[in-house]
Amino acid sequence: MQCTETFREQLRARLAEFQPIQAAPGAGRAAAVAVTITDAAFGPDISGMPQFDVWQSNAALILTRRSLQLRAHAGQWALPGGRVEAGERPEDTALREMREEIGLALGESEVLGRLDDFVTRSGFVMSPVVVWAGPRTSFAHDPAEVESVHRIPAREFLREDAPLLEPGEDPARPVLRMPVGDSWIAAPTAAILLQFREVCLLGQHTRVAHFDQPAFAWR
């Protein structure tokens, strides 16, 4: 039961049609995260289907819970990622951080494209890099950075109650969360997940830079 090649090429094509917006120089410290597609632990095999249907698929995204040992944002949901080092592109950073955090080593050929930069309240410019991992059975995470690794089925981001919005400090910038199971994930990660849903799963060029983060996510 695997994510199909048809789905992979559909994702690549949709990202090629999408023009990601890059933050202005000096908007914040450069960082990158990996939005990585793999197989969930359950679901039917859809190979041979004439058209991909995410509701019937086995596709999932890899998310982590940050280590409880960290001084900032311990235990929060996150995508593998970190600061862009000198001489790196966001693609390099996303692949490196994924290898260091969860032991998943992938090459540049597995990069499918980019989503919009998201400027966080804490002063970072997060560049989301969409990566194809295919079937994976296990991960070897670094306990100093990651408490646990999770495969979240792609269909979870298509729930009727997603996204969750509530008023923020600025009426034009509602606070964004994405429901997962009986819980939820907050922006900025939620903003990236929402845009992944819109661009990659639904083929819609939706922007998310105007969404705000709850206070706990940046203070």
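The values are calculated or read from the model by the stated rules, or taken from the named source; none is laboratory data. Just so it is clear, the structure is predicted and the values come from calculations on it, not from any experiment. Here Cβ is always computed from backbone atoms with ideal geometry, including for glycine, and neighbour counts include all displayed protein chains. Accessible surface areas use protein heavy atoms only, side chains included; no ligands, DNA or RNA. Shrake-Rupley method; radii C 1.70, N 1.55, O 1.52, S 1.80 Å.
Among what's in region 134-162 and is in contact with a Leu (Cβ under 9 Å, 6 or more places away or on another chain) and over 19 Å from Ala59 (Cβ atoms), pick the residue that is surrounded by the fewest Cβ atoms within 10 Å (Cβ to Cβ).
Ala144
Are there any pairs with C-beta distances below 6 angstrom linking a residue in region 137-150 that is in a loop (DSSP other than H, G, I, E, B) to a residue that is open to solvent by less than 60 Å² (accessible area, probe 1.4 Å) and charged (D, E, K, R), with the two at least 6 apart or on different chains, and if so which?
Listed pairs, sorted by first residue: Asp142/Glu101; Glu145/Glu101.
Starting from residues that are open to solvent by 20 Å² or more (accessible area, probe 1.4 Å) and not in a loop (DSSP other than H, G, I, E, B), keep the ones in region 35-72 and report whichever is modelled with the lowest pLDDT.
So the residue we want is Trp55.
Looking at region 10-33, I want the residues that are of a type in the set (Val, Ile, Thr) and have a partner that is open to solvent by 50 Å² or more (accessible area, probe 1.4 Å) with Cβ atoms under 8 Å, at least 6 apart or on another chain. Which pairs are those?
What qualifies is Ile21/Arg207; Ile21/Ala209.
Looking at Leu176, Leu165 in this structure, which one is open to solvent by less than 10 Å² (accessible area, probe 1.4 Å) and assigned to a strand (DSSP E or B)?
Checking each option against the conditions leaves just Leu176.
Tell me which residues, restricted to region 99-133, are part of a strand (DSSP E or B), touching a Pro at 6+ places or on another chain (Cβ under 8 Å) and surrounded by fewer than 21 Cβ atoms within 10 Å (Cβ to Cβ).
Answer for region 99-133, where residues must be part of a strand (DSSP E or B), touching a Pro at 6+ places or on another chain (Cβ under 8 Å) and surrounded by fewer than 21 Cβ atoms within 10 Å (Cβ to Cβ): there is none.
Out of the residues in region 73-84 meeting the condition of being open to solvent by less than 50 Å² (accessible area, probe 1.4 Å) and closer than 18 Å to Phe118 by Cβ, tell me which one is modelled with the lowest pLDDT.
Gln76
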